[in-house]
């Protein structure tokens, strides 16, 4: 007797497996899309919640409540299907002073539809975002860009050596005692020391070193740069205060020439007028170029030169000696040359240019945040206590520059650094 096996019911098994496969594909397509959509939405909610928390902290408000409220407005209410956690820690860096990093973590649960067939009833997203809240700061008795003898305020990119923020070309010799060289730009190409010798030394008074500080993460050209006494470090990823803006300096009267001397005040035209060799103490508000040419001499003690417009150019074999006010009751104490932000290279190719074969002695702060500053030719700046704050700063030629850092001679106005917030991750 023969028995034949029946194949009835096998199609049902195949259909069942096919159905499971179809549901799996449906789960991948539909539940997967829901998962990815929720993840994007949760990440956006975490980002905005962290920013809201950082902003609330700078305003002295409850940052946790601010983060929770913003997350709830985006659908993450710390309820049954989501969890919102806010944490705070000291900022590890990135603030020019104190600050906090606030992290918002959102855990979100999504109920599945088709994935239940394969045993997944829920999917979970965990996302986080961190915002940095930098504190407001009152600064007193401290110069701008503390520690910097030369600071370049340029923040943009530097395409080529002529556009570098800090550069040294030629065969000159540049020496710094205790004063850093700082660049606000995050572009490493803004640091171009490609000629001559740049020596970074210990301060003659105290223990401060001369180093190179940069907003960039790495890089730069440092041919001829040497450190002495353990100085000369390259310090990257630095944050700096913003330039001060217009100081609003005005003069109430007109400058008057009397023989070879001149009184302080407003002056329009090429400064100084012919025959003037001595500037009497006070503030000079100049609308025009400040030029000292070959063979000329100019001295001024306790003076502030305000370059409202025009360019400064000392060239040839000129001899210039200027020092800033020293009276602690003078609000311009330590400020020897000032160009407001409106006086910029873009406004007429203006600049601060010490050129030629002469000697210059400047004591105090040169504040020209939108002007390029040059020291060129074969002249000398000898052991002068000064601070340059310029859009860019460069040395060319075969001159000798010796800059000593001593903050007691610099411009140290009382000022606020505004609070700031940023999303860091």
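None of the figures in this text is laboratory data; all of them are computed from the coordinates on show. This structure is a prediction, so every number in the text was calculated from the model and none was measured. Note that we place each Cβ from the backbone using ideal geometry, even for glycine, and neighbour counts take in every protein chain shown.
Can you match semi-axes √(5λ) of the Cα gyration tensor in Å to one of these, (i) 36, 29, 24; (ii) 65, 24, 18; (iii) 40, 28, 18, based on a calculation from the structure here? Only one listed value fits the structure, namely (ii). Distance between the pseudo-spin-label points of residue 270 and residue 242 (7 Å out from Cα toward the beta carbon): 3.9 nm. The length gained on full extension between residue 235 and residue 197, counted as 0.36 nm times the residue separation minus their Cα-Cα distance, comes to 11.7 nm.
In this calculation the C-beta distance from residue 122 to residue 418 is compared with R0 = 60 Å, giving a FRET efficiency of 0.85. Quick one: among 324, 52, 164, which has the greatest mean-square fluctuation in a GNM of the chain with alpha-carbon springs under 10 angstrom? Largest GNM mean-square fluctuation: 52.
Can you tell me, using C-alpha contacts under 8 Å and at least 6 residues apart, the relative contact order of the chain as a whole percent? 15 percent. Against the chain, whose longest principal axis comes from its Cα atoms, helix 63-73 is set at around 50 degrees.
Give the angle, between 0 and 90 degrees and rounded to the nearest 10, that separates the Cα long axis of helix 10-26 from the longest principal axis of the Cα atoms of the chain. The answer is roughly 20 degrees. Modelled label positions at residue 61 and residue 326, each set 7 Å beyond Cα in the direction of Cβ, lie 5.1 nm from each other.
In terms of packing, defined here as the mean over residues of other Cβ atoms within 10 angstrom, the peptides 228-237, 351-360 line up highest first as 351-360, 228-237.
Over the stretch 270-369, the alpha carbon radius of gyration divided by the compact-protein estimate 2.2 N^0.38 Å works out to 1.01.
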